[in-house]
Amino acid sequence: MSDIQSEMRATAKQLLESGEATVVIGWEKGTMPYNSTPVMIRSAADVDKLIWDEYCQQNLSTYLIDFIYTEDKVAIFAKGCDTRAYNRLIQDKRISADKCIVIGVPCSGMKSAKAAAKLPEGAEVPMSKACKECRYPNPVVFDRKIGQDVTPWCTEKDFSDVEAIEAMDQDAKAAFWKEQYTKCIRCYACRNICPACNCTNCIFDQSASGWQSKDINASENQFYGVTRAFHVAGRCIECGQCEMVCPSDVPIMLMNKKFIKDIDTLFGAYEAGLETEGPVPLSHYEVSDPEEFM
Amino acid sequence: MKTIEKAKLDSLFAQLAQNYSLLVPVDYNGLTQFAPYSQVQEGVSQLYLDGNVTVSPKTAYLPQSEAMYKFRAQGKKLAIEEMAGLDKQQVLFGVRHCDTKAIQCLDKVFLDEKFEDPQYKNKREQNIVFSLACNNPKATCFCESMGLDRAHAEASVADVQVYDFGDSFGFEAISDKGKACLDKLTGLGETASKLPDQKPQTLKFDVAGLPEKLKDMFEDPIWDEYSFKCLNCGTCSYICPTCHCFDINNKIRGEVGVKLRTWDSCMFNEYTLMAGGHQPRAGKKERVRNRFLHKLQYFNEKHDMSLCVGCGRCVAKCPVNVDITKFIRQVIG
Amino acid sequence: MSNNSVENFEPKILVFACNWCTYAGADLAGTSRLQYPPNVRVLRVPCSCRVNPQFVIRAFQRGIDGVLVAGCHPGDCHYTTGNYYTRRRFLLITRMMEYMGIDPKRFHTRWISGAEGPKFQQVVTEMIEEVKAIGPNDKLRDDMKVEVKAVETNE
C-alpha cells in the first residue's frame, strides 16, 4: 500500500507543478483511523496529505460536478467503482472529460468503516459488503494508472440477499421494509453521495411541488426510498456508498440490486458505468421486450 | 445516594412505566435512539446503554415531525383545534450530560426569546430527565473541551443524576420533580459511595476566545478547505442535539389537515431558498460556514453559550468526516 | 366508514387511462352500455408513459386499493413509442411493488385500445372482484388520523 501512496503523492506533485492539473482530489487521514476522507490539494507543498489505505472508500468522482463552472483542471484518484461513476457522469453529460484527469488505482477492497467503529481497536475489520461483491476492482477508464491490476475476487453478481426478500410472503416483505424505513431520518446522505443522483434539481428538494412531504413516517420514507431507487435504476454502479453513509443502517442496496436483477433478467445483462456510449436500460426500449400486459 | 443493581433494572423500569411514560435509549435494528420502554418489552428494540444514542433525545422535546394544530376548512370557514400536549409525565432514562446541556441550549431558543413555545414548554415541564454520567467516553467525545462537567449533569435540565457503578446504578435527585419521582420508587438500596472513576477523554483542546477569533474569519480561505468535501446532506443537523431549525408544512386530507412542524437543515437547498428563486446560501461553503458559525459564534453572541456541546455525533457520523473539532483546533492554532 | 369492514368493502380502484386508446375504450364501454362496478376512478393521461411510478405509490399512500395503468397496444402509440417505455418501466415497477409487499393483484398494467370497450369492462370488473376478495390495502398507507370538530355555521 505504501508504494502506491508514495506514487500517488509523486503523481500529484508532478501534475500540480507542471500545471497539468490545478486541483488534485484524493484521500487524507480522518479523525479516526477508519475514516479516510476526501481532500482537495491545490499546492504541490500539500501532497503529503494524500494517503492510500484500506479505508479510502469514498467515491471521489461525484466531486467533479463541483468544478464544472470553474476554470480548474481536476485530477482525481479513482478505484474501479470511482471510474465507473466517472463514466456514468460522462454518459449523463454532467462533466466533460477534457477537464478531468483520471488516475486509476486498482483496489483490493475497502474495509467497512461502520464495522470498525463498533469493533474494539486492533480487531480484524471485515471488508464492506459492496466491496465483497465488487467485480471491477480495477479502473475501467484512466489517463494514468498507479499500481498493478488485481484479480477480481467476484465474477458473478450476487443476488442472494435480494432473493431472500423475494422469498418472503407479502406481509413479511411489507413489514420488513416498513421496519427499515421507519429508521430513515431523511437526511438525504444516500442521495447526495450517489454518483447516479446527479440531478441539478432533485424532486425531493421541491417540497412545494407536493411530491414529498417533509413529514417523517414509514410511508413517506418508503416513497423516498422506492422513488430514489427507481431514479437510479439502470445507472447504479453498485458502489454501495448509499448504504455506507446511512446513519440509520437502512439496507438501501437491497432496493438498488432488485432493479439491477430485474433489468438483467428482463432486458439482458447490463453493467452501468463500463462505457460512456450506448443506451441505458431505462432510456431506451426494444420492440422485442417481454410482454406481460396483454 | 440510592442504588439499584443492574440485574434489577427491569423492575425499576416496570415501576417507572407504571407511573410515567418511559423513554429509554434503544437499539432499533441498528439505529440507536430514545424510544418507549414498551419497545424493549416487546422485543422490538434492545436497551442500549453502551454509549450515547445516534439520534439525540431532542426528539422528546422537538420531534422530527410534530403536529402543531389541526384544522377543518369548509369554503371560507375554518375550525382550528390545538393539539393536546403530553398529559402524563414522561421519564427519559439515561440522557447523557452533553444532551442535558443541549436541552439548555434549546431552552434559550424556545423559552427565553420573546415568545414561549407552548409545545416545547409542555414537554419541558412533563419530561423528567434521568441523566447518566459517562464513565467511558468515546474517541469522538469532546464535551470537556466545551466546558461540560462530566460528574454533574446540567442542573437546569436534569432531574435525577445517575451514576454507573459497574454492577449497579446510583441515583441522586437534582430537582424537586426528580426527588418526587425517586421517592415513589421502592426496592432501592442506599449507599454513600463516592462517584465512579471516569476515564479521561482523549479528544481535548482549548476553545478559549473562539467566538472572538471567528468574528473576523467570515471571508477566510479555511471555509473552502472544510466545505469542499461536504455533501450537503442533513446528517449532522439531524443527529445534532442542539440543531433546532424547523419548517412548517400542511398535511391535508380533504377538509381536514394538520399544521406540521418538521426538522429542517441549513444544509438543504430549500432552507434558504427565497420566493423568486434567489438562493443567498448557494453552495457548500456558505452552508458549512453558517452551520459552524452558528454553533461557535452567533449563538455565543446572542446567548453567551456555545451551541456545540461536544457530543461528537457529527464527528462520528458525518459521511465524509467534516470534523468540527479539527476546525476548532485549527482556528485556535 | 364502511371501507374498513371487509364484508361491505368497496375497493377504490384508480385507472390511469391513456387519452388516445384506453380512455376511448372506457368511453366505448360507456356508450355501448356495458356494465361494470362503479369502484373505478379514471384519470386521463396523455400517454401511458406519462404515468410516473411515483403516481402509483402516491395512490397507495392516499388510500387507493388497486391501480390499473392502461394504454395503447405496443406499436399503436399515438406518440409512436411512448408505450414501449411504459412497458419497460412497469415491468420493473410491478416487480418492485411486489418486492415492497404490495399484493400483485392490486397493481396491473394492461393494453386496452379504443375499440376494446368490452376488454375495459372485463379488466376492471375482474380487478375489482380480485381486490374485493383480498380486502382493503393497508401497505404504504399514509393515513392522517385526526378528528377535527365541525365548522360552526354562524360566523
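Before moving on, here are some points about what is shown:
- Taking 19 Å as the cut-off, the amide N atoms of segment B:71-103 that come nearer than this to a point 7 Å along the Cα-to-beta-carbon line of B:ASN122 belong to B:71-72, B:79-92.
- A Förster radius of 41 Å, combined with the Cβ-Cβ distance separating C:GLN122 from A:GLN206, puts the computed FRET efficiency at roughly 0.55.
- Only helical runs count toward this figure. For chain B, summing -39,500 (n - 2.57) over DSSP H runs of n ≥ 4 and dividing by all residues gives -7500 deg cm²/dmol at 222 nm.
- By the beta carbon rule, with partners counted only under 4.7 Å, chain C holds these lone Cys residues: C:CYS18, C:CYS47, C:CYS49, C:CYS77.
- Separation in nanometres of the label points that stand 7 Å from Cα toward Cβ, at A:ALA97 and B:GLU172: 6.9
- Point-to-point label distance, B:GLU113-B:THR272, nm (Cα→Cβ direction, 7 Å offset): 1.8
- Taking a ≥ b ≥ c as the square roots of the eigenvalues of the Cα gyration tensor, the protein assembly as shown is oblate, since a/c reaches 1.5 or more and a/b is not larger than b/c.
- Gyration tensor (alpha-carbon) shape descriptor, segment A:1-150, a/c threshold 1.5: prolate
- Look at B:ARG313, B:ARG253 and count the other Cβ atoms within 10 Å of each Cβ; fewest to most, that gives B:ARG253, B:ARG313.
- As a rough footprinting exposure proxy, the listed residues A:ARG144, C:ARG88, B:ARG150 were ranked by other beta carbons within 10 Å of their own, and the order from fewest upward is A:ARG144, B:ARG150, C:ARG88.
- For B:VAL91, the residues whose amide H sits under 5 Å from its own are B:SER21, B:LEU22, B:LEU23, B:ILE128, ignoring neighbours fewer than 5 places away on the same chain, with H placed 1.01 Å from N.
- Calculated FRET value between C:ASN19 and B:CYS245, using beta carbons and R₀ = 51 Å, to 0.05: 0.70
- Alpha-carbon Rg/Rh ratio, for segment B:148-210, with Rh computed the Kirkwood way: 1.07
- Simple point charges give the picture: +1 on the Cβ of Lys and Arg, -1 on the Cβ of Asp and Glu, and for segment B:223-322 a dipole about the Cα centre of about 200 debye.
- Chain B: DSSP helices with Cα axial extent of at least 15 Å and average Kyte-Doolittle hydropathy no lower than -1.0: B:9-19, B:97-110
- Magnitude of the charge dipole, segment C:32-155, Cβ model with Lys/Arg +1 and Asp/Glu -1, debye to 20: 460
- Taking 4.7 Å between beta carbons as the limit, the unpaired Cys residues of chain A are A:CYS56, A:CYS100, A:CYS107, A:CYS131, A:CYS134, A:CYS154, A:CYS184, A:CYS187, A:CYS199, A:CYS202, A:CYS236, A:CYS246.
- Per DSSP, loop chymotrypsin sites (Phe, Trp or Tyr not before Pro) in segment B:218-289 with at most 10 further Cβ within 10 Å: B:PHE218
- The dipole here belongs to segment B:69-207: it is taken about the Cα centre, uses +1 on the Cβ of Lys and Arg and -1 on the Cβ of Asp and Glu, and is about 640 debye.
- Prolate/oblate/rounded label for chain B (Cα gyration tensor, a/c 1.5): oblate
- Subtracting the Cα-Cα distance of B:ASN19 and B:PHE218 from their residue separation scaled by 0.36 nm leaves 66.5 nm.
- Förster radius 56 Å - calculated FRET efficiency between B:ALA180 and A:LEU266, Cβ distance, rounded to 0.05: 0.30
- Summary of the geometry: segment B:96-164 and segment A:120-138, compared by the centres of their Cα atoms, lie 38 Å apart.
- Filter on A:LYS178/B:LYS6; A:LYS29/A:LYS118; B:LYS229/B:LYS326; B:LYS101/B:LYS199 - keep pairs with C-alpha separation over 23 Å: A:LYS178/B:LYS6
- Put in order of Cβ neighbour count within 10 Å, fewest first, the listed residues B:MET1, A:MET8, A:MET168 become A:MET168, B:MET1, A:MET8.
A short reminder: the numbers here are calculations on the coordinates, not readings from a lab. The structure presented is a predicted model; accordingly, all values stated were derived computationally and were not measured. Neighbour counts run over all protein chains shown; Cβ positions are idealised from the backbone, glycine included.
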